[in-house]
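The next block holds one structure in the form of structure tokens; read it before the comments.
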Amino acid sequence: MEPAKSTHEMLHGYYFEDLREGMRDVYTKTITDADVMSFAGISGDTNPIHLNHEFASETMFEGRVAHGMLTASLISTVIGTKLPGPGCVYVGQNLRFKAPVKVGDTVTATCTVTRLIAEKRFIEMDTVCSVGGEVVLDGQATILVPSKVKAN
């Protein structure tokens, strides 16, 4: 019988030594009106393109769109909860917004390990958000991942 895991062990994500190039994980969420309204309140971004149907319908998007950073936050969900998961630290992220996300769209955030940098315990990841197979956002992230080996 294996010993019971401590709370720390149960909450911990992958260690650097457990990661390999090509590892991938996803998170999928349907964006709701409540999500957009809450994000506006939390972020302070009250641009009417996100909140006002009449205003937004006169724009190139012909209607309200979700905040780009709301969509990007789904990448953080993958990184912080799945791969590499709890215990990692976001070091950097670049983003390219390719297409709008509207209320009711189902967004899939996919993160793929592309490079391991052992001397720094960093990983680099491709980060992509898509709706119905269309890429709406892409970029790259750099993540610091805990090691099983304690530093001296």
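Restricting the range 92-112 to residues that are within 13 Å of the chain's Cα centre (by Cα) and among the β-branched types (Val, Ile, Thr), the residue that is nearest to GLU17 (Cα to Cα) is THR112. Only one of the numbered conditions (1) in contact with a helix residue (DSSP H, G or I) (Cβ under 6 Å, 6 or more places away or on another chain); (2) among the small types (Gly, Ala, Ser); (3) modelled with pLDDT of 95 or more; (4) surrounded by fewer than 18 Cβ atoms within 10 Å (Cβ to Cβ) is violated by GLY139, and that is (1). If MET69 meets every condition in (1) assigned to a loop (DSSP other than H, G, I, E, B); (2) touching a Phe, Trp or Tyr at 6+ places or on another chain (Cβ under 9 Å); (3) surrounded by fewer than 20 Cβ atoms within 10 Å (Cβ to Cβ); (4) hydrophobic (A, V, I, L, M, F, W, C) apart from one, which number is that one? Unmet for MET69, out of (1) assigned to a loop (DSSP other than H, G, I, E, B); (2) touching a Phe, Trp or Tyr at 6+ places or on another chain (Cβ under 9 Å); (3) surrounded by fewer than 20 Cβ atoms within 10 Å (Cβ to Cβ); (4) hydrophobic (A, V, I, L, M, F, W, C): (1).
So that you can scan it fast, the table gives a plain yes or no per residue for (1) under 13 Å from ALA141 (Cβ atoms); (2) surrounded by fewer than 17 Cβ atoms within 10 Å (Cβ to Cβ); (3) in contact with a His (Cβ under 6 Å, 6 or more places away or on another chain):
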site: GLY44; (1), (2), (3): no, yes, no
site: HIS53; (1), (2), (3): no, yes, no
site: SER57; (1), (2), (3): no, yes, no
site: PHE61; (1), (2), (3): no, yes, no
site: VAL91; (1), (2), (3): yes, yes, no
site: VAL107; (1), (2), (3): no, no, no
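What about LEU70, is it closer than 19 Å to ILE42 by Cα, touching a Cys at 6+ places or on another chain (Cβ under 7 Å) and in contact (Cβ under 8 Å) with a residue 12 or more places away in the chain? The answer is no for LEU70.
Okay, residues lined up against (1) crowded, with 16+ Cβ neighbours inside 10 Å; (2) part of a loop (DSSP other than H, G, I, E, B); (3) at pLDDT below 95:
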| position | (1), (2), (3) |
| --- | --- |
| GLU2 | no, yes, yes |
| GLY13 | yes, yes, yes |
| GLU17 | no, no, no |
| ARG20 | no, yes, no |
| THR28 | no, no, no |
| ASP35 | yes, no, no |
| PHE39 | yes, no, no |
| ILE49 | yes, no, no |
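The values are calculated or read from the model by the stated rules, or taken from the named source; none is laboratory data. Everything numeric in this text was worked out from a predicted model, so none of it was measured. In this analysis, Cβ positions are derived from the backbone assuming ideal geometry, glycine residues included, and neighbour counts consider all displayed protein chains.
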